[in-house]
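Here's the structure we're looking at; comments come further down.
The values are calculated or read from the model by the stated rules, or taken from the named source; none is laboratory data. Worth saying up front: this structure is predicted, and the values here are computed from it rather than measured. Here the Cβ positions follow ideal geometry from the backbone for every residue, glycine too, while neighbour counts run over all protein chains shown. Just so you know, the surface numbers come from the protein's heavy atoms only, side chains and all, with ligands and any DNA or RNA stripped out. Shrake-Rupley method; radii C 1.70, N 1.55, O 1.52, S 1.80 Å.
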Amino acid sequence: MLDILRRIIQEVNRAPDLSRALDVIVTRVKQAMAVDVCSVYLVDHDAQQYVMMATDGYSPSVIGQVRLDFGQGLVGEVVRREEPLNLGNASDHPNFILSSQIGEEVYHGFLGVPIIQHRAVLGVLVVRQRERRRFAEQEETFLFTLGAQLAGAISHAEASGDMDRMLRESDESRFALKGVSGTPGAAVGRAHVVYPLANLDAIPDRPVQDVNAEIAGFHAAIAAVERDMRMMSARMVDVLPVEDIALFDALILMLRSENLIDGTIDGIRAGNWAPGALRKTISEHVSAFEKMEDPYLRERAGDVRDLGRRVIERLQSSQPVTRTYAANTILVGEEVSASQLAEVPANLLVGVVSARGSSASHVAILARALGIPAVMGFDDLPVARLEGQELVVDGYQARLFVRPSEAIRKEFKRLQREETELSNELQELVSLPAETLDGFRVSLYANTGLLTDITPSLRCGAEGVGLYRTEVPFLIRDRFPGEEEQRRTYRQVLKAFAPAPVTVRTLDVGGDKILSYFPVVEDNPFLGWRGIRISLDHPEIFLAQVRAIMRASVGLNNLRLLLPMISNVAEIDSALGLIKRAHKELRDDGEDVVFPPVGVMIEVPSTIYQVPAMSQRVDFFSIGTNDLTQYLLAVDRNNAQVAALYDSLHPAVLRAIHQVVRAAHAADRPVSVCGEMAGDPASALLLLGMGIDSLSMSAASLLRVKWAVRSFGLAQMQALLEEADVLEDGAAVRALLHRSLDEAGLGGLVRAGR
Ligand code: PEP
Ligand code: MG
């Protein structure tokens with residue numbers, strides 16, 4: 001049975017549109033269950049009816065004709081119960097309505113199961129038999145399992161069908177396609193579809209005639225691609241911050257890596273021509289990356305593929321390929337690569353749409369750094385058919401409008417204009433203090449780490465670094481960085497901000513941040529070997545890192561050390577013991593190292609209740625709301641399936657934060673927030689109302705938060721907190737905050753426009 005189920009679902013998944021998917025379902029189910037009829041009813045919300053959309057058994061002429069009002073008939077009963085209904089004789093049921101148009105009277109046995117997606121009933125799958133008998137339990141569970149699995153396939157097919165309709169009927173284009181994630185901003189422009197330069201998988205193996213000439217040609221192609229990458233990087237220098245430019249260096253390193261070059265040359269020596277040998281090495285690399293647990297590293301598979309295609313392109317032609325772009329280009333692709341994005345002159349590019357990818361993709365990171373709205377992650381985006389189409393990208397809500405109606409186009413053009421005005425106005429805030437209307441001074445710091453950079457943080461007026469995620473230099477290498485290598489990296493950040501404070505967090509790997517060269521395989525990685533737990537179990541790694549950090553601060557003295565994933569005081573005592581030891585070793589070596597203030601991340605719920613004990617050991621606290629929310633609500637922060645439950649404005653999260661602030665202040669210890677929540681202007685109002693001393697966020701959010709801070713009084717924020725305190729769920733809190741921002745004329749901070 002399992003095998004049949006799997007085959008049906010595969011076939012449904014391959015169907016090009018909803019109607020064909022439904023046909024597959026009814027035919028295959030009728031066959032597999034040896035029943036007389038199988039039909040699918042779908043819910044039509046506009047008409048408030050259930051409509052028979054496919055059948056095998058009744059006459060095809062009734063498709064679309066048989067309609068039942070909501071709540072009516074046995075189908076209505078299945079929808080209401082959200083459970084299977086199994087009857088030996090359908091007409092005995094009080095809700096039975098005879099549809100004489102289908103000749104239903106000869107069928108007695110009835111089995112209906114709901115098709116449910118994200119808690120909503122999409123439709124009902126029904127089988128009928130002449131025989132007067134209930135269906136066996138095994139039959140019921142088969143149909144039920146199929147119904148549950150079909151929901152996803154049906155909504156996929158529905159989405160691609162919508163797309164078809166959207167392209168056919170231009171005035172029916174009011175609805176938007178929904179992506180998984182976006183980068184803020186709105187754009188109106190025309191699609192320029194970028195496609196893989198060469199289809200790597202289609203390259204055959206071929207015998208090579210002259211091995212040496214083939215190797216020389218391969219080296220020349222590598223050198224040419226390296227030149228292209230350097231040119232792209234040079235073009236981006238004025239546009240992108242230094243650390244983001246480092247992406248191109250990383251790509252060049254990958255291109256020049258021994259594995260890639262030697263692997264291919266070995267292939268050529270074994271008798272394969274260069275393109276074939278390269279295809280093989282690239283696909284080995286790609287599958288190695290794709291198997292990685294860490295989403296950031298998994299995304300690198302796309303970079304490797306892109307590099308491979310570029311080399312192939314150069315192997316096939318010695319001339320660089322030039323592409324032209326029009327004004328208001330929206331770059332669209334199956335998997336837009338960072339280098340494809342970099343090829344478009346910055347003044348022509350207004351938006352990016354990538355069918356694959358997530359907010360961790362390089363293309364998303366670059367788009368964010370460039371301030372270009374982007375939407376990533378679509379199930380069924382017919383990329384090839386979008387070339388030249390007018391598009392609207394709504395990065396706030398991860399939406400894409402294809403051939404927008406006049407009204408949508410106008411609305412988004414207006415929003416786009418307003419956004420430009422808004423960001424120009426925000427620039428004026430750079431040199432102004434983050435001070436509330438009633439004169440309360442707040443400190444706004446930047447988070448740095450993954451390709452985020454010093455320059456934009458300084459440019460937007462950050463008063464220091466509130467969270468430097470040191471795992472980043474570890475994640476982008478293929479081995480542990482040495483102590484001196486680490487010192488140099490940390491020094492750059494500390495020096496750039498001196499004398500302003502830089503809070504350096506010790507290594508926080510584990511969970512979803514896995515080092516390729518230090519694999520940790522666990523059933524529950526977020527509850528496993530993470531952060532300080534790894535550091536304490538490997539004092540050699542921790543000591544080297546702490547020594548490197550302290551040496552980096554010599555003469556600057558703006559360092560603060562932060563410990564991640566603390567769950568009890570013993571961990572603090574052990575970590576402090578090691579930090580003191582490292583400090584003593586450095587002093588003994590004659591280094592003029594000042595012992596830094598040490599703080600603890602509040603992100604494991606147990607720490608909420610241990611602030612007094614921890615205050616006796618450390619100097620400050622920083623609340624990591626990303627993990628605190630995940631652990632308090634038991635919602636995996638990376639799982640799209642439960643994303644709707646992940647809410648930092650959940651009253652329980654707010655109370656926890658408030659409790660930490662009160663306890664820390666009672667012990668005279670400052671508290672900051674460095675999770676994503678700090679960069680959300682609406683949430684920032686509540687956090688400041690609670691008395692949080694500083695907020696640390698990505699540079700892109702800083703001026704927006706500053707605007708909110710300067711538009712409200714602390715007393716107003718406290719009043720908002722009081723109002724929020726009696727609300728029972730996060731949605732109500734969010735609505736309250738958005739209303740307040742709107743009333744203060746700051747609606748543009750939470751949606752497109754201003
Ligand atoms: C947090 O958990 O809120 C945090 C800032 O740490 P990270 O996102 O790096 O886990
Ligand atoms: Mg964390």
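Couple of notes before you dig in:
- Taking the range 385-504 as the region of interest, the strands (runs of 3 or more DSSP E) fully inside it that hold 3 or more residues being over 28 Å from Leu515 (Cα atoms) are 390-394, 399-402.
- Where Leu628 falls short, out of the listed (1) within 16 Å of ligand 2 (Cβ to nearest atom); (2) surrounded by fewer than 18 Cβ atoms within 10 Å (Cβ to Cβ): (2)
- Residue check for Ala364: under 24 Å from the mean Cα position of the chain (by Cα) and at pLDDT below 80: yes
- Here Arg165, Arg128, Arg119 are screened, and the one residue that is basic (Lys, Arg) and either open to solvent by less than 50 Å² (accessible area, probe 1.4 Å) or at pLDDT 80 or above (or both) is Arg128.
- Those helices (runs of 4 or more DSSP H) of the range 639-754 in which 2 or more residues are more than 24 Å from Pro501 (Cα to Cα) and open to solvent by 50 Å² or more (accessible area, probe 1.4 Å) occupy 651-666, 714-725, 730-743.
- In the range 549-571, the residues that are in a helix (DSSP H, G or I) and over 32 Å from the mean Cα position of the chain (by Cα): Met550, Arg551, Ala552, Val569, Ala570
- Output for the range 625-652, where each listed residue is more than 18 Å from the chain's Cα centre (by Cα) and away from ligand 1 (no atom under 11 Å from the Cβ): Leu632, Leu633, Ala634, Leu649, His650, Pro651, Ala652
- Residues in the range 585-603 that are assigned to a loop (DSSP other than H, G, I, E, B) and either open to solvent by less than 10 Å² (accessible area, probe 1.4 Å) or out of contact with any Gly (no Cβ under 9 Å at 6 or more places or on another chain) (or both): Asp589, Gly590, Glu591, Val593, Val594, Phe595, Pro596, Pro597, Glu603.
- Considering the conditions (1) more than 16 Å from ligand 2 (Cβ to nearest atom); (2) of a type in the set (Gly, Ala, Ser); (3) not in a helix (DSSP H, G or I), Ala582 is excluded by exactly one of them, (3).
- Spans of helices (runs of 4 or more DSSP H) in the range 219-326 with at least 1 residues touching a Ser or Thr at 6+ places or on another chain (Cβ under 7 Å) and modelled with pLDDT under 85: 242-255, 295-316
- Only one entry in Ser622, Ser606 is within 16 Å of ligand 1 (Cβ to nearest atom) and outside any helix (DSSP H, G or I), namely Ser622.
- Total residues in the range 38-65 satisfying the condition of being on the phi < 0 side of the Ramachandran plot, in a loop (DSSP other than H, G, I, E, B) and loosely packed, with under 15 Cβ neighbours inside 10 Å: the figure is 5.
- Residue check, Leu633 on the phi < 0 side of the Ramachandran plot, open to solvent by less than 30 Å² (accessible area, probe 1.4 Å) and modelled with pLDDT of 95 or more: no
- Any hit, the range 506-525, residues being modelled with pLDDT of 95 or more, open to solvent by 10 Å² or more (accessible area, probe 1.4 Å) and away from ligand 2 (no atom under 16 Å from the Cβ): no
- Residues of the range 434-444 include none that is under 30 Å from Phe497 (Cα atoms), open to solvent by 30 Å² or more (accessible area, probe 1.4 Å) and in contact with a Cys (Cβ under 9 Å, 6 or more places away or on another chain).
- Output for the range 383-404, where each listed residue is open to solvent by 30 Å² or more (accessible area, probe 1.4 Å), in contact with a Lys or Arg (Cβ under 9 Å, 6 or more places away or on another chain) and of a type in the set (Gly, Ala, Ser): Gly388
- In the range 504-528, the residues that are more than 16 Å from ligand 1 (Cβ to nearest atom) form Cβ pairs under 8 Å with partners that are among the basic types (Lys, Arg) and open to solvent by 40 Å² or more (accessible area, probe 1.4 Å), at six or more places apart or across chains, as follows: Tyr517/Arg477; Tyr517/Arg479.
- For the range 531-546, the set of residues classified as buried (at least 23 other Cβ atoms within 10 Å of the Cβ) and within 15 Å of ligand 2 (Cβ to nearest atom) consists of Gly531, Ile532, Ser535, listed by residue number.
- Looking only at the range 76-110, and only at residues there that are closer than 19 Å to Thr55 by Cβ and touching a Lys or Arg at 6+ places or on another chain (Cβ under 8 Å), the one that is most open to solvent (accessible area, probe 1.4 Å): Val106
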